[in-house]
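The values are calculated or read from the model by the stated rules, or taken from the named source; none is laboratory data. Given the structure is predicted, the values throughout are model-derived calculations rather than measurements. Here the Cβ positions follow ideal geometry from the backbone for every residue, glycine too, while neighbour counts run over all protein chains shown.
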């Protein structure tokens, strides 16, 4: 009788814990994006270029602005950085501002709310293209890979840079952005049925080993776990 009660209590507590886990909502987490540099100048016009009026001015540039700290729950699409194009000086002879291979770096710091664990991922990219005051032809490529993963607490975070919207020309002034999709998944655990069977078997084995009652218990041939038979 004591053995059956102990087994029932173990199974009941285990099933109750599974119910609580199943009812849990999306995993909450925090994020913050940073970037270097924050202003990316266009390529110089070359050593043989004669500055207008004899004064060398900074050419066109792209400002990269990291977003404000954010909070999300579960999988989420988030804006990593915003992009704005500037023209500080008129291009000579109508030439566009060029970006042949302009490098930049993005970082995202993630914090798992439940465990309070934080981690940082870095992404390297380059801008390629050109723009004038009224036209934009800019692209970006990620040289470090656009997807990275890390584990925080009991959850796996996968960040994928999956969207690029170029900024509008300086005459328009509208911002573009680089966006990311963040997947948050709990680490793989054994199936509930497997854990339940293991808990029941362990209870039987422990009771027999400690000399508990075995009345009403018999072993099937080739089976190590006592089975209860009732007449």
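Okay, here's what the table says:
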item	result
Residues of region 104-144 satisfying the condition of being farther than 22 Å from residue 88 by Cα and out of contact with any strand residue (DSSP E or B) (no Cβ under 8 Å at 6 or more places or on another chain)	116
Qualifying residue in region 145-152 (condition: in a strand (DSSP E or B), surrounded by fewer than 16 Cβ atoms within 10 Å (Cβ to Cβ) and either over 25 Å from the mean Cα position of the chain (by Cα) or at pLDDT below 95 (or both))	no
Region 122-141, subset surrounded by fewer than 13 Cβ atoms within 10 Å (Cβ to Cβ) and under 31 Å from the mean Cα position of the chain (by Cα), residue nearest to residue 96 (Cα to Cα)	139
Matching entry among 103, 167, 96 (being farther than 30 Å from residue 28 by Cα, in contact (Cβ under 8 Å) with a residue 60 or more places away in the chain and in the same structural domain as residue 79 (by TED's automatic domain parsing))	167
Any hit, region 27-37, residues being at pLDDT below 50, over 19 Å from residue 90 (Cβ atoms) and part of a loop (DSSP other than H, G, I, E, B)	no
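Residue by residue, here is whether (1) closer than 25 Å to residue 145 by Cα; (2) outside the structural domain of residue 160 (by TED's automatic domain parsing); (3) modelled with pLDDT of 95 or more holds:
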{"position": "42", "(1), (2), (3)": "yes, no, no"}
{"position": "60", "(1), (2), (3)": "no, no, no"}
{"position": "74", "(1), (2), (3)": "yes, no, yes"}
{"position": "92", "(1), (2), (3)": "no, no, no"}
{"position": "114", "(1), (2), (3)": "no, no, yes"}
{"position": "125", "(1), (2), (3)": "yes, no, yes"}
